[in-house]
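Shown next, in structure tokens, is the structure this report addresses.
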């Protein structure tokens, strides 16, 4: 790599790393240590784990603290034993300061190695991966903090206010697409996760796609029509969840004095009917589609439609206002593309081993770092997940 | 329908119904009432539920006993409240005799209605569906009885002996298929479940398919190589199951004095290395494929390969000997075909509402009634299921 | 032992054993194999386990079937591995007929040994214990069958009718007792369980005891006053159970069209307000006492009051009509008397190892075999148990 | 109350309150917010709840923050809804600073009220109770912090070092006590919890009591003899716990390179065989007694023996060195003394509603505030609890 390229990479490295810390800045040390549920992780853990990733796969040492290998490995079996996921929130030690010192130490060593030209192409590719990895955790920091604060009795704010320009949802309309033999997936060149490749052909029948994602007005209509109480609208597993969990609305919604409020990182406010619906499980997305005589698109249908990739705002907005601000559930189970090859070694665990019982989401959200998502980007979560920024766009057969 | 056609349908009705009872004949009333796990049902319940199906959807009354609507509904929300699935085994009453009386009563009324020409075409189609439904439960009776007897301390026999011609597995070889735009799914005419339709086109890259299913020899090789202890071979969820459940071999296998035995409905006997492997979860099928540098085929790849549809024996054999004697896991999540339309009314719950977090299996098994399966037939189970007759056939990219 | 004494013992042995079988006679094989909850056991298991007891501790062999040692051991760690308690209901094999054959075989060998004078005094004492043990299981057969049938949707009958003479409860009145240094426990001679000994002195303050057990009229009053919804009346654990289990009345009660019914082994019938209350947990007994400004007696208070020991009817009545027909919860935790010595060997596990987190009940019930209970008899169950014939008699300080 | 008495009470109030804060001083905000298990509470919660107690029951207002009534009620049903116990650790807000402000506000108002003579005798009695209540929570802060730090992978220290004078355990010897009619319980005058009253007579047979608590040497002997693997030594419930939880030693013990270490708030160090054994469940205490042919004393036996009441050190030592430094399990179930009267109103929930399925412990510990415990003091925990400072002293019959 040329010195200029290395300098540019070091600059990007610093920018990405700094943003992670900036996201945590409004949080107290208390906010950063607690784990609100097994699916979520404490912010301090995210700060440390992303650093662990660079230390493990780029620097390939454990110079700062040998114990951190055990503490901050997420799920890499090939990297050995680790703290059980549901117990990440018990780590009051090391304290936050020490995690910041860890970040500083690793950052200095990475930047020095870049400056020295000490990293081979393979390692540079992993460094690139590490930046995308850190961006994924930036989104998770926001979703996990939202869960932590949004489920507390006081509904405390992450930020005192958010930018909220007025928004008006156009009526739900349909766009026709021709289908045919189309290509999806990431091209061979440029950065992409292994699960986006290889680019390949798929045969699609003609179909229609909604011109915008579902908005809260339609969710309110579904609620008012008893959608959460009508088994016929639901997948069998979804109906089980509705009853077991007592779902009556999307996550973070609560009814007070006859009005629906939701929590949006500034606290509770009235549901805006024109905003894209968010915090829907796949089960809800599917039931809503059935209610509106529609279906969910496949990920290939979604990708060929060249839809907006989020986030839509130049700065952080933290609440969805338009297409691109919510991930959109697809009907596609998360699975390997024909000819899929996972990365070599421990990094092969990055994506491939989760290809079971998850659904693909496309598009990005208002929590997604700018420049992170791509048309071929495959996000994936289990059908019951609701704490991510998950919405839906309907499809219909031609 | 002509009188001859009606007579023929009545004959088929009686044949199918009689076989269900014949399958239960070797069982004591005690064997027929107990539920060995929530996924399995007692044989008495199967006898009654299949009858409930005809009574509900063909006769459309509850003339025999009004309470049976509650007792023997399986999962049809549109048909109202019902006994919780995990509590089916608590129904010592009604006694088995009364369930037989229920069968007799419904049979007589169905056959009379046929003879009178009292059933319209719509109802006749449902009667046809009911026969296929009953055949599905015939297979379930065998899998559920196998679980009940095979997990008891005494490993008691369902039958004293089974036909067991010698079998020799050919070496694992690969057959190349061209792919291209192919058609899969059931044609518009003739009986098929709603989930097999519509027949539609799929684009497949060229691929290879194993010339036979995996056999026990290969499973023994996997075990000997530590496959059940090597996280790198497993899907993340699969590895969780291996540890949580202590899996060390397929279901019904046990090691005694250094040898592997399995339970095969006659009791325990030594594992035959040349038989198709059976009672594999999807997780095991997937890990075995990874171990052998292969993958699982998609259901489209499977269907276009025109493989054997089971069972292979003219009479009941109850243990797999060849291709067609085990269901084969595919890599395809169970989902709707493009343009899928569920049946109208309560029968729309037959298949569609399970299209989440299940995998498709193809081919049939030695427990499948003869004539029941088809090339387009889509069986489906969750990835952790092991009590069905589930094996696997490997695929590879071309 | 003299021949006459041996003959008398053989006669008693046959009488006790025959009654167990008579209790099961109204039940189908299906009824006798199912386990309705982990605390209850199938009737077939009771038939076999009581036989196992004689075979193990009197005959000291395993001549009938070596596998039965594993199948029918209840909890004797010293006797080796055994079927997990919650899985007793999976044993469809051995079939009921074979369990009857087991009973016949053991009976013949026991009676022959008695006739031959082959049993030493130690073994004869164990034989005596075995008869009392079998009587305990006779009561359990009835409570467990009541749970099995009484929780089924059809509320089927164990017997078509029961003797039901009219009963009128006298008003709740109080009897004063002087307390002082009193003796409780079984005398050194005569049969008693180890936990009833040694007889010892206890110092009691003067106290008052209700002249009869609580009756349903008072339970109805408690319900009507919102007792099941008022946390202040309950022990902390009890209140947790009320909410977790949704208790609104004693077990087997259900409200239909504004009236309270209960299940009494003949089916559902209207609650009789004058009958002793039954199927109360300790938590309910304690909350009822608090509601009526009373408390539960200690077991010493209960024993010195010389209260009726049940059952009260000459023949089986199977539903409580008077004092002696319900076990009465005491406030005493089940613990060792001063100087308690468990039996030697495996039989030391009979009582002592359960002396934690259980409460003592006194008196006997309408399900208790005649002649089985004694004034010093200590029955014991966990506080949440409701499927036994459990009522309560209030006490007050003097 | 005289002005001098009020000034003295204010001084004591300030001293107790200050010590709570001093105990938390070595902890970071992160340490003070996390809840390591449902039985333990975060230090911040203890700081707030003890303040809530004074605000609720002494000041009888909610002037500082109306929401704190919901957040910091522990279990007083009469005081309304509250945060579920297991979710106390999710409260990252209010932050620690605000809890300190809450403490300051309530302290100022309490002290002012005292200075003004504004509190009646009833309220002053509750204020006294509040001080004892706060001392109980001081011990819980230490036990809960020990659990939080002692179960973390890094075994971090609460304090860098502790005073550790050498200790030598005398051989286990026995002291004979005459029994007879004895009096136990708190006298009518002076402070005591309601559960210590009324003082009353009990009849005791003569008995023997060990001259010191069990020490680690004896626990090591038990471990070496296979005590944790021998079912015959255990209560049935205890044996279940041993297997379910994999107990092989007391809590906080771990084997490293053949040696036993434990965690003692400074980190890991080698087990000292001469120290009193600690962190034993009741089950372990009972099994150890059986192993050494002894039994646990009743609480009356314990009380009349006039044993040391802890803690033994003038300053905080935080690890047991002598009798009085560990709570001693008794064989007595926690229940009401004859004539027990709970406090009026919501404070009646303080003790009485827990009188079920708990065992009494006596004596105090090295974590107990000086002057807090009394000879009549009844501590109580469930049999499985191990995170408290729980040891045992053996008894034998005379």
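What shape does the protein assembly as shown take by its C-alpha gyration tensor, where a ≥ b ≥ c are the square roots of the eigenvalues and a/c under 1.5 counts as rounded, a/b above b/c as prolate, and the rest as oblate? It is oblate, given that a/c is not under 1.5 and a/b is not larger than b/c. In the assembly of identical copies, residue A:229 has its label point, taken 7 Å from Cα in the direction of the beta carbon, separated from the corresponding points by 2.0, 5.7, 6.0 nm (ascending, one decimal).
Distance from a point 7 Å along Cα→Cβ of residue D:240 to each backbone N in segment C:328-353: keep the residues under 14 Å and list them by number. Counting only backbone N, you get C:353. The fewest-to-most ranking of C:241, D:389 by surrounding Cβ atoms within 10 Å reads C:241, D:389. Look at the alpha carbon pairs under 8 Å that are at least 6 residues apart: their mean separation over the length of chain B gives a relative contact order of 17 percent. The label point for residue C:132 and the one for residue C:3, both projected 7 Å from the Cα toward the Cβ, are 3.0 nm apart.
Put a dot 7 Å past the Cα of residue C:162, heading toward its Cβ, do the same for residue D:230, and the two dots end up 4.8 nm apart. Relative to the dominant Cα principal axis of chain C, helix C:282-291 is inclined by about 20°.
Here the Gaussian network model covers chain B, with springs between Cα atoms less than 10 Å apart; of B:178, B:308, B:153, B:153 fluctuates the most. Among B:259, B:101, B:25, the largest mean-square fluctuation in a Gaussian network model of chain B (Cα springs under 10 Å) belongs to B:259. Computed over chain B with a Gaussian network model linking Cα atoms closer than 10 Å, the most mobile of B:346, B:285, B:373 is B:346. In nanometres and ascending order, the distances from the residue A:100 label point to those of the other copies are 1.7, 8.0, 8.2 (point 7 Å from Cα along Cα→Cβ). Could you let me know the centre-to-centre spacing of segment C:106-184 and segment B:255-275, using Cα atoms, in angstrom? After rounding, the separation between the Cα centres reads 46 Å. Note on residue C:269 and residue D:86: with the Förster distance fixed at 35 Å, the Cβ-Cβ geometry gives a FRET efficiency of about 0.25.
Our helix-only sum for the protein assembly as shown, with -39,500 (n - 2.57) per DSSP H run of n ≥ 4 divided by its residues, gives a mean residue ellipticity at 222 nm of -10500 deg cm²/dmol. Rounded to 0.05, the FRET efficiency of the residue A:118 and residue A:19 pair, given R0 = 22 Å and the Cβ-Cβ distance, is 0.30.
Cα centroid separation, segment B:1-36 to segment A:1-55: 65 Å.
Chain A residue nearest by beta-carbon to the axis mapping A to D, with distance in Å: A:29, 2. As a proxy for reagent exposure, ranking B:350, D:377 by other Cβ atoms within 10 Å from fewest up yields B:350, D:377.
Between residue D:176 and residue A:254, the simple label model (points 7 Å from Cα in the Cβ direction) yields a spacing of 6.8 nm. With only Cα atoms counted, segment D:240-398 has Rg and Dmax values of 16.5, 56 Å. Averaging Cα coordinates gives a centre for segment D:212-253 and one for segment B:281-345; these two points are 51 Å apart.
Using a 10 Å cut-off around each Cβ, can you sort D:368, D:390, D:312 from fewest to most neighbouring Cβ atoms?
Lowest count first: D:312, D:368, D:390.
Sorted shortest first, the separations between the residue A:78 label point and its copies elsewhere in the assembly read 5.0, 5.6, 6.4 nm; each point sits 7 Å from Cα along the Cα-to-Cβ line.
Quick note: the coordinates plus some simple rules give every number you see, no bench work behind them. Values in this document were obtained by computation on a predicted structure and should not be read as measured data. Cβ coordinates were reconstructed from backbone atoms using ideal geometry, including for glycine residues, and neighbour counts include every protein chain displayed.
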